[in-house]
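Remarks on the structure that follows.
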């Protein structure tokens, strides 16, 4: 292709509302143009990358046995009502009415529609297993869309859905998709980790996220450098840092801590390690009647070590908190503890609490001795506190904290490290309870009896891949694309092409040779000055550049430079095509 045959529109400066590197560079390189909040036009160069991402996905999904179809963007609300998600999904679900005042949704995902297809078309166990996928526009009405394609409202996603006869078969389908995803991300040429994850709003029983490694990532990835263990921080198990409870060596003492309401301030005042303190967090659960009115509220006191933080996802799995919890209000705290927040603790006076609370201790806290906690009195804390002697055992002991770097790995094969990542793919084993059973999606087994489908779902954020790839691969000059998803694999930059017939002829011949060999090559025939031409292609991030000039032709040479190389290499003109092909990764 010649550059004049496509559309190239670059900027020296990014718009002021572009917050992160990928957003800035895509705007500067003319990959996207903002139409509205979180809504973008995909310009020709950006669309080329999207189509290459889609092509790799299609290849590997088909290789894995999935069949492509296409489901609509606009979906009837009654399908979503069957699963309860029309009400439960929240404001991110864009709900609309047609001219007849019938409810529809602009789909953020397609579980209900594909389940409706399955219950109509897959009637017998002989038709299973089956996996359908599509690549389609999605819409999620983000409250604050930001970061360009990383958190937009309209985006493109590949989602796939598997249907199986039993759990064993469903887990095989899950593994097939897991392996297909690894091949997809390998072909993208991105550094990534597949991590165990929480099932989130989709629901289900097993889940892995595919995270592209990037320092700017929003997610914390926990992994063990000496083993295969990897998990999202929301799911990573925090083992107790104390194997057994120590023996009490101090008397419990009420100690003045005027104005010191945080564990950090108290530890500094008392000249104690922060790890000797215990942090108190107060939650509440509400029991509702049939009308949705609160008939009973239970208050919970959760205890984590002072240098640890509460993991809200794990907290939501604690018995009694599974059906939903919230942080208690100041009024509720004072009604129960008779004290304002900042000085709360699990040790109560002989008069007891004003109202009862349930106490949940993190695993590490449950084994602490001689610890420091609030005294339930303003400006006072207790030191030398011990379980059993000074306060009863907690109602529950659970893993409710975030892991930290250096914690022991749950697989016993080392210690944990943490890095940042960007979620770009997710695989779920759903089972039957989330969609099949609520929607009455069944097949007939060998005995002619109806059975619910065992389901799985598998998503890749197609347009999000662009942002993640750039966040991982860029420098001060612009984007640095992996060859497999670059807008072009190679660019030929002829200097003075409009003035030199020899340069023009050599450039076109080299272009035609590479194109005939299957290389996605572009010839810059715009007549730009060398500096401007080089700057454009470095910004755009093409992996390989070939420079042809009169001076080089006289010497029978071409300059070849990889996007990551600090300097060009001089190669013979006669070998330039072969050298370029050797420098680019082989296709799979």
Practice problem: State the dimensionless ratio Rg/Rh of region 146-199 (Rg: radius of gyration of Cα atoms; Rh: Kirkwood radius). | Solution: 1.05
Quiz item: Calculated from DSSP H runs of 4 or more alone, at -39500 (n - 2.57) each and per residue, what is the 222 nm mean residue ellipticity of the chain, nearest 500?
Solution: -7500 deg cm²/dmol
Quiz prompt | Two-decimal Rg to Rh for region 488-583 - Kirkwood Rh, Cα set | solution = 0.91
Exercise. Compute the long axis of helix 111-121 from its Cα atoms, compare it with the longest principal axis of the Cα atoms of the chain, and write down the angle in degrees, 0 to 90, nearest 10.
Key: 80
Quiz item: In region 94-161, what is the volume of the convex hull around the alpha carbon atoms, normalised per residue and reported in Å³?
Solution: 105
Exercise. Tell me, rounded to the nearest percent, the portion of alpha carbon pairs in region 394-517 spaced more than 19 Å apart.
Key: 77
Exercise. Write down the Kirkwood hydrodynamic radius of the chain, to one decimal in angstroms, obtained as one divided by the mean of 1/r over all alpha carbon pairs.
Key: 27.9
Practice problem: Quickly rank 557-565, 187-195, 281-289 as a protection proxy: mean count of other C-beta atoms within 10 Å, highest first. | Solution: 187-195, 557-565, 281-289
Self-check item: Residues listed by number, region 421-440, amide nitrogen under 17 Å from residue 87 label point at 7 Å toward C-beta
Solution: 438-439
Exercise. Note the angle between two axes, namely the Cα long axis of helix 167-188 and the longest principal axis of the Cα atoms of the chain, as a number of degrees from 0 to 90, rounded to the nearest 10.
Key: 50
Quiz item: Among 260-268, 42-50, what's the highest-first ranking by average C-beta atoms within 10 angstrom per residue?
Solution: 42-50, 260-268
Self-check item: Distance histogram in 10 Å bins (all Cα pairs of region 1-156, percent per bin)
Solution: 9, 28, 30, 23, 8, 1, 0
Self-check item: Compactness of region 387-444 - radius of gyration and Dmax, Cα, Å
Solution: 20.7, 61
Quiz item: Using the 10 angstrom Cβ neighbour count as an exposure proxy, how do 434, 291 rank, fewest first?
Solution: 291, 434
Quiz item: Which angle from 0 to 90°, rounded to the nearest 10, does the C-alpha axis of helix 501-516 make with the longest principal axis of the chain?
Solution: 60
Quiz item: When each pair of different Cα atoms in region 369-408 is counted once in the 1/r mean, what is the Kirkwood radius in angstroms, to one decimal?
Solution: 12.6
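Rounded to the nearest 5, what is the percent of antiparallel bridges among the DSSP beta bridges in the chain?
On the way: 92 of 114 bridges.
If we restrict to bridges inside the chain, about 80 percent are antiparallel.
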Quiz item: Hey, what's the Kirkwood Rh for region 253-398 if you take every pair of different alpha carbons, in angstrom?
Solution: 15.6
Self-check item: Protection-proxy order for peptides 106-116, 410-420, 11-21, each taking the mean of Cβ atoms within 10 Å per residue, highest first
Solution: 106-116, 410-420, 11-21
Quiz item: Mind checking Rg over Rh on region 466-518, alpha carbons, Kirkwood formula for Rh?
Solution: 1.13
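Rule-based calculations on the coordinates, nothing more; no lab input. None of the values given here were measured: they were computed from a predicted structure. Note that we place each Cβ from the backbone using ideal geometry, even for glycine, and neighbour counts take in every protein chain shown.
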